[in-house]
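Here the structure is laid out as structure tokens; the discussion comes afterwards.
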Amino acid sequence: MQQPWDIPAATSLYNIDRWGAGYFRINDKGNICVCPTLDPATPIDIMELIAEAREQGLKFPMVLRFQDLLRNRVQTINRAFSEAITEFKYKGVYRGVFPIKVNQLQEVVEEIMDAGSEFNFGIEAGSKPELLAALAIHRDPEALIICNGYKDPSFIQNALLGLKLGKRVILVVEKIEELQQILAVSREMGVEPWLGLRVRLVAKGAGKWVLSGGENAKFGLSTAELVAASETLKAAGLAHCLKLVHFHVGSQVPDIGTVKRAVREAARFYTKLCKLGHDITYLDCGGGLGVDYDGSRTAFDSSTNYSLQEYARDVVWNIMEVCDDEKVPHPTVVTESGRAIVAHHSVLVVEAFGSIEKERATVSIEPQPGDPKLVGEMLDLRRSLSKQNRMETLHDAQELKEKALSMFDLGLLELDAKARIETVFWQIAREVVTLSEGMRFMPDEIRNLETALADQYVCNFSVFQSMLDHWALGQLFPIMPVHHLDKQPDRQAILVDITCDSDGKVSKFIDLDDMKDTLPLHRLVPGEPYYIGFFLMGAYQDIMGDFHNLFGRVNEAHVFLDADEECGWYIEETLEGSTIASVLSMTQWDEAELNRLMKAQVDAAIKSDRMKPAEGIRLLNSYERDLKGYTYLHFNGNGPRV
């Protein structure tokens with residue numbers, strides 16, 4: 001029996017009340033709303049925002065950035081640590097840093113730095129380009145710049161330049177050989193370095209990035225190397241330059257037990273190094289603070305079994321307990337939580353412009369004179385199908401379908417007959433699935449059939465450009481329609497992109513139990529746009545996308561709350577995505593040369609009377625105009641043009 005449909009039913013179906021963390025909900029119109037400050041009194045209707053962005057000339061796909069949400073995440077993390085420090089009477093402070101690698105976009109980094117100014121929030125850089133950007137944007141003399149990653153003399157010089165400018169720049173030694181290089185460059189520049197040592201823990205992470213930690217990790221010093229580094233600094237008279245102990249247990253750590261073990265082990269290293277005569281100020285816990293992408297609140301890869309508050313409390317408590325046990329002063333706590341800051345603020349909206357349905361009758365399936373016996377038998381099965389005989393009918397239909405394939409391979413079945421048999425088979429399969437709804441136990445055979453029947457919704461975007469973590473690592477993201485949620489979805493689908501690659505698809509979706517193979521969607525209506533939102537996209541996806549098929553960066557709209565605006569918000573800035581000419585230039589194609597080559601061919605066609613002059617000029621102008629256009633398809637919000 002079909003359950004009544006309402007907004008709470010839609011909320012439950014897509015788990016939005018769980019992964020949304022209070023920032024996302026469904027309004028009475030059936031549209032997704034964003035509450036950037038967690039205040040339900042200031043919602044932003046995504047469909048109204050889409051309409052405004054279209055008015056400003058932006059096309060799909062489009063990234064919507066909610067800058068107030070970004071600020072809220074910075075404030076929330078800092079306040080969580082402040083509350084934990086106060087609760088436990090911890091004798092130190094918190095100084096977070098944003099790891100710029102998670103999202104290097106200037107507007108994102110600037111917003112984070114501005115929001116974090118009241119908390120002396122700093123920045124982490126892992127490469128020379130990131131360091132040069134960090135040095136320029138860093139303003140607070142109390143905030144840190146943490147330098148991770150492998151370093152050459154140029155990297156070290158720029159970090160030491162920051163120290164000369166009065167910034168708190170800490171060079172973290174990732175390999176023991178780096179220490180001598182840092183000391184040599186610092187002597188040349190006449191400045192004492194601020195140093196950190198990255199320890200290689202026994203404790204491993206968990207989830208998809210488990211191999212980034214542990215004894216075989218790419219970065220970090222062994223216990224013997226830590227002792228050697230300590231002796232080297234003492235011999236150079238620079239024991240006081242060791243300011244920080246650093247560790248990193250992995251990205252998106254789903255299990256709080258992993259965090260606790262790693263923090264305690266690292267805290268023990270900190271205390272022992274202090275006892276070797278180093279006046280260390282900071283203990284840097286690295287990244288790892290996860291995001292609950294699926295809302296299950298478990299230790300599954302796409303979730304976390306802990307809250308932000310629990311994370312902060314456990315980090316502070318375990319550091320304090322180890323330090324008190326060793327009679328060592330409490331250090332300033334540093335974390336490099338990037339994913340948890342930026343993930344929620346970014347939503348990718350794409351347009352579905354077509355669907356492929358297996359059971360759709362694209363040919364006539366009515367009986368015809370001279371039909372092969374198999375066609376008649378398949379039609380008879382469809383007519384006799386009932387709830388009582390559904391499994392028997394399905395098995396008989398599967399046998400007939402296999403017979404039809406064998407006969408076709410032998411040249412004994414014509415194309416139209418094969419097409420009708422397959423169409424009727426999928427209609428039978430769909431009806432069997434429908435008749436099985438509400439069963440106490442759903443056989444795997446029916447579940448697999450339901451997945452096989454899934455529609456393919458063709459969406460105007462590139463998985464490789466916008467969702468590289470999903471394609472490469474199987475990372476799950478919340479995905480759902482952004483409108484029509486007051487109506488019950490009537491289709492199960494997977495999403496396919498517009499690249500020429502068969503891997504350009506999304507066929508795994510979040511679920512409270514594990515993951516789903518299909519996504520509930522509404523049937524597409526010809527001529528009406530259908531928008532699908534990809535949520536929690538702000539971490540890494542903006543940066544790591546590639547240019548497969550030369551689909552470039554997508555359009556962006558940056559949104560701010562403003563009580564003076566009638567709707568309560570405004571689009572502060574729109575950024576156009578990559579043009580065709582710009583992505584071609586990245587692969588060594590020159591726009592002027594392309595135009596010249598095409599003009600030569602058009603001129604030749606005109607001279608040989610294969611083309612009229614007016615037509616040639618029109619086509620050449622169109623070619624030149626398209627080079628300056630968006631790399632994605634354009635449907636004017638009314639479905640496909642053709």
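The values are calculated or read from the model by the stated rules, or taken from the named source; none is laboratory data. None of these values were measured; they are calculated from a predicted model. Methodologically, a virtual Cβ is constructed for each residue, glycine included, from the backbone with ideal geometry; neighbour enumeration extends over all protein chains shown.
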Query - All strands (runs of 3 or more DSSP E) inside the range 84-191 with 1 or more residues being over 31 Å from the mean Cα position of the chain (by Cα) and crowded, with 20+ Cβ neighbours inside 10 Å - result: 168-173
Report task. For Ser230, work out the one condition from (1) surrounded by fewer than 17 Cβ atoms within 10 Å (Cβ to Cβ); (2) among the hydroxyl-bearing types (Ser, Thr, Tyr); (3) touching a strand residue (DSSP E or B) at 6+ places or on another chain (Cβ under 8 Å) it doesn't fulfil. Result -> (1)
Query raised in the report: Would you call Phe408 touching a residue at least 12 places away in the same chain (Cβ under 8 Å), part of a helix (DSSP H, G or I) and more than 30 Å from Arg553 (Cβ to Cβ)?
Result: no
Query raised in the report: Among Thr393, Thr335, Thr362, Thr434, which is surrounded by 17 or more Cβ atoms within 10 Å (Cβ to Cβ), polar (S, T, N, Q) and more than 30 Å from Gln104 (Cα to Cα)?
Result: Thr393
Query raised in the report: What single numbered condition from (1) surrounded by fewer than 21 Cβ atoms within 10 Å (Cβ to Cβ); (2) in contact (Cβ under 8 Å) with a residue 24 or more places away in the chain; (3) under 30 Å from Val169 (Cα atoms) fails to hold for Thr42?
Result: (3)
Query raised in the report: Could you count how many residues in the range 51-69 are part of a helix (DSSP H, G or I), surrounded by fewer than 24 Cβ atoms within 10 Å (Cβ to Cβ) and aliphatic (A, V, I, L, M)?
Result: 2
Report summary line: Given the conditions (1) modelled with pLDDT under 90; (2) within 38 Å of the chain's Cα centre (by Cα), every one holds for Trp426 apart from (1)
Report task. Scan the range 562-579 for residues that are of a type outside the set (Gly, Ala, Ser) and under 24 Å from the mean Cα position of the chain (by Cα) and jot them down. Result -> Ile571, Glu572, Glu573, Thr574, Leu575, Glu576, Thr579
Query raised in the report: What pairs can you find where one residue is in the range 243-263 and under 22 Å from Ile280 (Cα atoms) and touching a residue at least 12 places away in the same chain (Cβ under 8 Å), the other is in a strand (DSSP E or B) and of a type in the set (D, E, K, R), and their Cβ atoms are less than 6 Å apart, with a gap of 6+ or different chains?
Result: Leu244/Asp284; His246/Arg198; His246/Asp284
Query raised in the report: Is it fair to say Val315 is touching a Cys at 6+ places or on another chain (Cβ under 7 Å), closer than 28 Å to Ala539 by Cα, in a helix (DSSP H, G or I) and modelled with pLDDT of 95 or more?
Result: yes
Report task. Please indicate, with yes or no, whether at least one residue in the range 416-429 is touching a helix residue (DSSP H, G or I) at 6+ places or on another chain (Cβ under 7 Å), more than 18 Å from Thr393 (Cα to Cα), assigned to a helix (DSSP H, G or I) and in the same structural domain as Asn389 (by TED's automatic domain parsing). Result -> yes
Query raised in the report: Within the group Ala267, Ala262, which residue is among the small types (Gly, Ala, Ser), in contact with a helix residue (DSSP H, G or I) (Cβ under 6 Å, 6 or more places away or on another chain), surrounded by 22 or more Cβ atoms within 10 Å (Cβ to Cβ) and part of a helix (DSSP H, G or I)?
Result: Ala267
Requested in this report: All but one of (1) touching a residue at least 12 places away in the same chain (Cβ under 8 Å); (2) of a type in the set (D, E, K, R); (3) outside any helix (DSSP H, G or I); (4) surrounded by fewer than 18 Cβ atoms within 10 Å (Cβ to Cβ) hold for Arg382, so report the exception by its number.
Outcome: (3)
Query raised in the report: Any residue at all in the range 584-594 that is without any contact (Cβ under 8 Å) to a residue 60 or more places away in the chain, part of a helix (DSSP H, G or I) and loosely packed, with under 11 Cβ neighbours inside 10 Å?
Result: yes
